[in-house]
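Q: Sending over a structure as structure tokens; questions will come in a sec.
The values are calculated or read from the model by the stated rules, or taken from the named source; none is laboratory data. Predicted model only: the values in this text are computed from it and were never measured. Every residue, glycine among them, receives a Cβ derived from its backbone with ideal geometry; neighbour counts consider all protein chains shown.
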Amino acid sequence: MGWAMTAPLVVFFGLAALAVIGAVSLILQKHPIHSALSLIVVMVALAGLYLLMGAEFVAAVQIIVYGGAIMVLFVFVIMLLNAGVEEHTSLSKMAGPPGLLLVLALAGFIAATVARSGASVQAATQTGALSSTKGISEMVFKDFVYPFELTSFLVLVAILGATVLAHREKS
Amino acid sequence: MVPTNYYVILSAVLFGLGVFAFIFKRNVITIFMSIELMLNAVNLAFVAFSQALGKLDGQVFVLFVIVVAAAEAAVGLGIIILIARNRQTLNVERVDLLKL
């Protein structure tokens, strides 16, 4: 087999390239709204990768919650605050090259570690017919039912917190 | 069948780009978006290992991460609105009350 480009590999590299291009575009764009649209590209590409891995429920949640709710919130706030082109001082421009080195070191370290220890993970059984949505529902509502209920509380607190924060006091 | 390594390396690359955006960008909204990018990269690793190990725990964790990210986005954007209202800027270098 080796480097034979099978169909899933082609799809993977296409989506991976899309995700990386979107992430680079997020950094290069000067206007926050363009960065937000780049991030949406990354999220849709990742949803495609989840589908490729057979995690269709996670892919749907990724599109609905990330692409649909969180990014709309971001775009809405950008428009609400009328955010303009970001300005860089000389000091912040200086932070670029060392930061890039640091990030390359970090990503390289993670990638090298994974590439070296990947064999142990590869050995697992490939269960293609893993019924992901049904299995997830059983896990969420049986094994993880207390964390699940706690997240509902977390969301409630987040709603209240956001309301209190954004509320303009009339004095 | 795509090797798990590829997914995890892509996850590392996306996380690195998120870290770089976090330290390089100056707009507080964009910095917040780079945090979301890092969360997404970690989610990708979770799903990749979930698939490789044939267990669904990773996908359940991804659901929880997404819920936490949604809560974080709601509160964080509330804070950003407050910053913009009180200091009339979105540049993090202008938000320097705690600086000596």
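Q: Taking B:Phe46, is it in contact with a helix residue (DSSP H, G or I) (Cβ under 7 Å, 6 or more places away or on another chain) and within 28 Å of A:Tyr146 (Cα to Cα)?
A: It is true that B:Phe46 is in contact with a helix residue (DSSP H, G or I) (Cβ under 7 Å, 6 or more places away or on another chain) and within 28 Å of A:Tyr146 (Cα to Cα).
Q: A follow-up question, please. Against the conditions (1) touching a helix residue (DSSP H, G or I) at 6+ places or on another chain (Cβ under 7 Å); (2) closer than 29 Å to A:Phe109 by Cα; (3) more than 7 Å from chain A (Cβ to nearest Cβ), where does B:Tyr6 fall short? Just the number, please.
A: Result: B:Tyr6 fails condition (3) only.
Q: I would also like to ask the following. Looking at (1) surrounded by 13 or more Cβ atoms within 10 Å (Cβ to Cβ); (2) under 22 Å from A:Ala59 (Cα atoms), which is the only condition A:Ala162 fails?
A: Only one criterion is unmet by A:Ala162, namely (2).
Q: Give all pairs with beta carbons closer than 7 Å in which a residue from the range B:48-76 that is of a type in the set (Ser, Thr, Tyr) meets a residue that is buried (at least 19 other Cβ atoms within 10 Å of the Cβ) and part of a helix (DSSP H, G or I); count only pairs at least 6 apart in sequence or on separate chains.
A: These pairs meet every condition: B:Ser50/B:Gly58; B:Ser50/B:Gln59.
Yes/no per residue for (1) touching a residue at least 12 places away in the same chain (Cβ under 8 Å); (2) aromatic (Phe, Trp, Tyr); (3) buried (at least 17 other Cβ atoms within 10 Å of the Cβ):
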site: A:Lys30; (1), (2), (3): yes, no, no
site: A:Tyr50; (1), (2), (3): yes, yes, yes
site: A:Ala55; (1), (2), (3): yes, no, yes
site: A:Ala69; (1), (2), (3): no, no, no
site: A:Gly108; (1), (2), (3): no, no, no
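Q: Among what's in the range A:1-53 and is hydrophobic (A, V, I, L, M, F, W, C) and outside any helix (DSSP H, G or I), pick the residue that is modelled with the highest pLDDT.
A: Per the criteria, the residue is A:Met53.
Q: Follow-up. Name the residues in the range B:40-52 that are over 24 Å from A:Leu101 (Cβ atoms) and more than 8 Å from chain A (Cβ to nearest Cβ), would you?
A: B:Phe46
Q: Here's another thing I want to ask about it. Can you confirm whether A:Val61 is at the interface with another protein chain (Cβ under 9 Å from one of its Cβ atoms), at pLDDT 75 or above and part of a helix (DSSP H, G or I)?
A: Considered against the rule, which asks whether it is at the interface with another protein chain (Cβ under 9 Å from one of its Cβ atoms), at pLDDT 75 or above and part of a helix (DSSP H, G or I), A:Val61 comes out as yes.
Q: For the range A:133-161, which residues satisfy the criterion of being of a type in the set (Gly, Ala, Ser) and at the interface with chain B (Cβ under 8 Å from one of its Cβ atoms)?
A: Listed by number, the residues that qualify are A:Gly135, A:Ala158, A:Gly161.
Q: For the range B:15-37, state whether one or more residues are more than 7 Å from chain A (Cβ to nearest Cβ) and farther than 30 Å from B:Thr89 by Cα.
A: No - not one qualifying residue is present in the range B:15-37.
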